[in-house]
Amino acid sequence: MKKCHFLILLFIFPFCVQAQEYSIADKKAIRLHEEAEQMVLRRRYDEAINNYKASIDKNKDFLESYIRWAQLLLTKGDALQALAVAERGATRVNNNSQMQGSFGWLITNILMSTGDFNKAIEKFNQSKPYFSPGLKQNNNYIALEQQLDFIQNQLASPISIQKERLPHPLNQFNLQYFPVLTADSRKILFTKRDGLSQQDHEDIFMSYYENGSWSTPEPIAETVNTLYNEGTCTISADGNILIYTSCDAPDSFGSCDLYITYKLNGIWQKPVNMGPSVNSKQWDSQPSLSADGSMLFFSSNRRGGYGGNDIWYTVRQKNNAWAEAKNLGPAVNTPKDEVSPFIYFNNELLFFASNGHIGFGGMDLYMSKMEEGDFGRPENMGYPINDHKDQLALFITAQRDYAYYTENSFTDGKLEGSYLYRFAFPEEVDLGEKIIVTEGRVLNSRTGLPVSAKLSLVSLENDSTLYEFRSDGETGDFMMLYPDQSFSGLYVEKEGFLPKIYNVEKDSLKNKKNMEISLTPIAPGEQFIFENVFFDFDKADLKSESMSSLRRLHEFLTSNPKVSITIVGHTDNVGASQYNQKLSHRRADAVKTYLLENGVSEDRLGIEGMGDKHPIAPHHTPETRALNRRIEVVIR
């Protein structure tokens, strides 16, 4: 009995039919075939192909040589030639049901590799009667059957997109990949490699969108690009924090590590290795920073994962250090590879590429939604966003107008180029609430100088911090990106200053540009409006939505133990003035009671009810009257 020798790692067909005699008895043809098998084992592929061809020339009915020849062509990347050889051999099968099954399986897989899914499904279904019971129990058969069912369903409802390769002067190099954009979509950064080899040099390049076109790409900065390899980066929403991959640098922990640098006065500072809590002795790369800079996702093949490359994450702590990196878990990660994570601007959607989840072949793009604190089961992004090629490095703009990604190009199975593409993002993919942008500066009200302050966006319904941002200490500039969620508050805080409190809806902060926030140094007589304190109509009972502001006032007094305050209540002019004065006093007293119950000494707290005597806006409209219904805090 002669057995066929399938190399599991070499071919995509990881099993063969049961041991059998050859379909011919021609000894010379068999000898040529078996010599070819030995050449394959020694990776002498071109010589092996010549031998398979020679064996068929000796006997045109040598079915096993057709199969092996086609397999080897497919392994070398020549799928069309492999299909021609396989179909030529299939015409000579006649009544050999076992070989009909073998050719059916082979041709199905070749068609899959070319992206001709409909023909692959048709061929698979036609060949089912010829597949042996043992084959149908094999895991590879079960996986392919499930994949074809998935693809058939996807093809029935394709997403309408038009992919386009980014025009010149972008895509002028052989290899450019992993595009990321700033929140305003006016700057694109990508990795550029000098040649096609893994050993060729990598750098980070950038281009600006000006007057309707992209500028000629340039290296990002001499402080970032060095003699070592730098690439696959992520940039904060405001463009002032850059995290990127550097390989084989002297201070690295492994083959590739993650580094961080900050832009001050328009200049990128000296990068710093993110340290052993983030980096490992293995490969750590492909970072994605959340819009507020609080979480970092990346891909790594370190120990403790579920397979080859997994998605890991780390959280920025209060002291700006990064916590010990954790694996994202088995819902996302598989025994195969998960790479190129991208956390969308709402911090609730994670996109990544994988060949371990069911898909179309190669690396597909997937989306996982945050569910009760964890990312849930990923969804394939569908056809034709995904096809038989590798799709990697997805980036969706904050405006949701375009999605950018990388697509590789191959010739004869070898990487020929890697290019930047985009497509108009389809409405069928739900990204949740629209992204709101608020930008401006934080300044010292006395000196006019910039202030590095913390800006916290908080849900007033449950007192949870949604996002945290910081203003730049050199310029005072800030940019906040957040979902269009109702009923939220903005708290601007800096040690030594009075807090500034806003209601995002009432103060019309959504998509506001050039907002100027003045923080006042703590001093007697200074005051601030204690926003986001809510009472029912004509009552002095604090509503639950007030807890966020009340807690921050308590923290302010705890952090400044020598500060005493007067809590001043104000109303609008609806109703009798004497009644309004008593109501405002009772409301101020309710705030004082909360602070007393939480440990603030009574001698630090005074109250006053001003009624409708000191409006800050005319009482002409419901909106202006709402501004006058307020609590103020005065430093004593």
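Mind listing just one residue for me: the one in the stretch 418-460 that is in contact with a Pro (Cβ under 9 Å, 6 or more places away or on another chain), surrounded by 20 or more Cβ atoms within 10 Å (Cβ to Cβ) and at pLDDT below 90 and, of those, farthest from P499 (Cα to Cα)? This residue is I435.
For the subset of the stretch 340-380 comprising residues that are surrounded by 24 or more Cβ atoms within 10 Å (Cβ to Cβ) and small (G, A, S), which member is farthest from S113 (Cα to Cα)? Checked the stretch 340-380; the qualifying residue farthest from S113 (Cα to Cα) is S340.
Is it true that E47 is more than 22 Å from Y141 (Cα to Cα) and without any contact (Cβ under 8 Å) to a residue 12 or more places away in the chain? Here the answer is yes, as E47 does meet what is asked.
Every listed requirement among (1) part of a loop (DSSP other than H, G, I, E, B); (2) under 30 Å from S299 (Cβ atoms); (3) at pLDDT below 95; (4) not assigned by TED's automatic domain parsing to the domain that holds T411 is met by H168 save one, (2). In the stretch 267-274 there is no residue that is in contact with a Leu (Cβ under 6 Å, 6 or more places away or on another chain), assigned by TED's automatic domain parsing to the domain that holds N347 and under 30 Å from H357 (Cα atoms). Of the residues making up the stretch 261-291, those that are within 15 Å of V224 (Cβ to Cβ) and in a strand (DSSP E or B) are T261, Y262, K263, L264, I267, W268, V272, N273, P287. Screening Q126, Q100 for residues that are outside the structural domain of S409 (by TED's automatic domain parsing), surrounded by fewer than 17 Cβ atoms within 10 Å (Cβ to Cβ) and assigned to a helix (DSSP H, G or I) leaves exactly one candidate, Q126. When the residues of the stretch 436-472 are filtered to those that are hydrophobic (A, V, I, L, M, F, W, C), over 22 Å from the mean Cα position of the chain (by Cα) and part of a strand (DSSP E or B), which remaining residue is farthest from Y402 (Cα to Cα)? Taking the candidates together, the pick is L443. Say we look at the stretch 587-604 and pick out the residues that are in contact (Cβ under 8 Å) with a residue 12 or more places away in the chain and among the β-branched types (V, I, T); which of these is surrounded by the most Cβ atoms within 10 Å (Cβ to Cβ)? Per the stated criteria, the residue is V591.
Return yes when T566 is among the polar types (S, T, N, Q), farther than 26 Å from T465 by Cβ and either in a loop (DSSP other than H, G, I, E, B) or modelled with pLDDT of 95 or more (or both) and no when it is not.
Considered against the rule, which asks whether it is among the polar types (S, T, N, Q), farther than 26 Å from T465 by Cβ and either in a loop (DSSP other than H, G, I, E, B) or modelled with pLDDT of 95 or more (or both), T566 comes out as yes.
Might you check whether a residue that is within 27 Å of E623 (Cβ to Cβ), of a type in the set (F, W, Y) and at pLDDT below 85 occurs anywhere in the stretch 499-507? There is no residue in the stretch 499-507 that is within 27 Å of E623 (Cβ to Cβ), of a type in the set (F, W, Y) and at pLDDT below 85.
Given Y482, Y491, which one is within 21 Å of L627 (Cβ to Cβ), among the hydroxyl-bearing types (S, T, Y) and in a strand (DSSP E or B)?
Values: Y482 fails: within 21 Å of L627 (Cβ to Cβ).
Just one listed residue meets the conditions, Y491.
Across the stretch 423-435, what is the total count of residues that are in contact (Cβ under 8 Å) with a residue 12 or more places away in the chain and more than 18 Å from the chain's Cα centre (by Cα)? First the steps, then the outcome.
Pass one, the stretch 423-435, residues in contact (Cβ under 8 Å) with a residue 12 or more places away in the chain: 423-426, 428-429, 431-435.
Within this subset, residues satisfying the condition of being more than 18 Å from the chain's Cα centre (by Cα) are 428.
Residues in the stretch 423-435 being in contact (Cβ under 8 Å) with a residue 12 or more places away in the chain and more than 18 Å from the chain's Cα centre (by Cα): 1 in total.
The set of residues from the stretch 513-561 being surrounded by 18 or more Cβ atoms within 10 Å (Cβ to Cβ), assigned to a helix (DSSP H, G or I) and among the charged types (D, E, K, R) comprises just one member, R552.
Within the stretch 573-581, can one find any residue that is outside any loop (DSSP other than H, G, I, E, B), under 26 Å from S488 (Cβ atoms) and of a type outside the set (D, E)? Within the stretch 573-581 (the criterion being outside any loop (DSSP other than H, G, I, E, B), under 26 Å from S488 (Cβ atoms) and of a type outside the set (D, E)), the answer is no, since none of the residues qualifies.
Every residue, every condition in (1) within 26 Å of G496 (Cβ to Cβ); (2) touching a residue at least 12 places away in the same chain (Cβ under 8 Å); (3) touching an Asp or Glu at 6+ places or on another chain (Cβ under 6 Å), yes or no:
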{"residue": "F537", "(1), (2), (3)": "no, no, no"}
{"residue": "S549", "(1), (2), (3)": "yes, yes, no"}
{"residue": "F556", "(1), (2), (3)": "yes, yes, no"}
{"residue": "K562", "(1), (2), (3)": "yes, no, no"}
{"residue": "H585", "(1), (2), (3)": "no, yes, no"}
{"residue": "G606", "(1), (2), (3)": "yes, yes, no"}
{"residue": "T621", "(1), (2), (3)": "no, no, no"}
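For the stretch 390-417, the set of residues classified as buried (at least 17 other Cβ atoms within 10 Å of the Cβ) and more than 19 Å from T234 (Cα to Cα) consists of D390, N408, listed by residue number.
Table: residues versus (1) surrounded by fewer than 16 Cβ atoms within 10 Å (Cβ to Cβ); (2) at pLDDT below 95; (3) closer than 24 Å to D26 by Cβ; (4) in contact with a helix residue (DSSP H, G or I) (Cβ under 9 Å, 6 or more places away or on another chain).
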residue	(1), (2), (3), (4)
E47	yes, no, yes, yes
S55	no, no, yes, yes
K58	no, no, yes, yes
S65	no, no, yes, yes
T75	no, yes, no, yes
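In summary, strands (runs of 3 or more DSSP E) completely within the stretch 379-430 and bearing 1 or more residues that are touching a Lys or Arg at 6+ places or on another chain (Cβ under 7 Å) occur at 402-411, 414-424. Of all the listed residues (D238, D257, D203), the sole one being in contact with a Gly (Cβ under 8 Å, 6 or more places away or on another chain), assigned by TED's automatic domain parsing to the domain that holds F298 and among the acidic types (D, E) is D203. Regarding the stretch 225-236, can at least one residue be identified that is free of Cβ contacts under 8 Å to residues at least 24 places away in the same chain, under 22 Å from S340 (Cβ atoms) and in contact with a strand residue (DSSP E or B) (Cβ under 6 Å, 6 or more places away or on another chain)? Taking every residue of the stretch 225-236 in turn, at least one turns out to be free of Cβ contacts under 8 Å to residues at least 24 places away in the same chain, under 22 Å from S340 (Cβ atoms) and in contact with a strand residue (DSSP E or B) (Cβ under 6 Å, 6 or more places away or on another chain). Considered as a group, the residues in the stretch 617-635 that are over 29 Å from T558 (Cα atoms) and among the β-branched types (V, I, T) include one that is modelled with the lowest pLDDT, and that residue is T624. The set of residues in the stretch 280-325 that are under 30 Å from L455 (Cβ atoms), over 16 Å from the mean Cα position of the chain (by Cα) and surrounded by fewer than 23 Cβ atoms within 10 Å (Cβ to Cβ) comprises R316, Q317, K318, N319, N320, A321, W322, A323, E324.
The values are calculated or read from the model by the stated rules, or taken from the named source; none is laboratory data. This is a predicted model, so every value here is computed, not measured. Glycine gets a Cβ as well: all are built from the backbone with ideal geometry, and neighbour counts include every protein chain shown.
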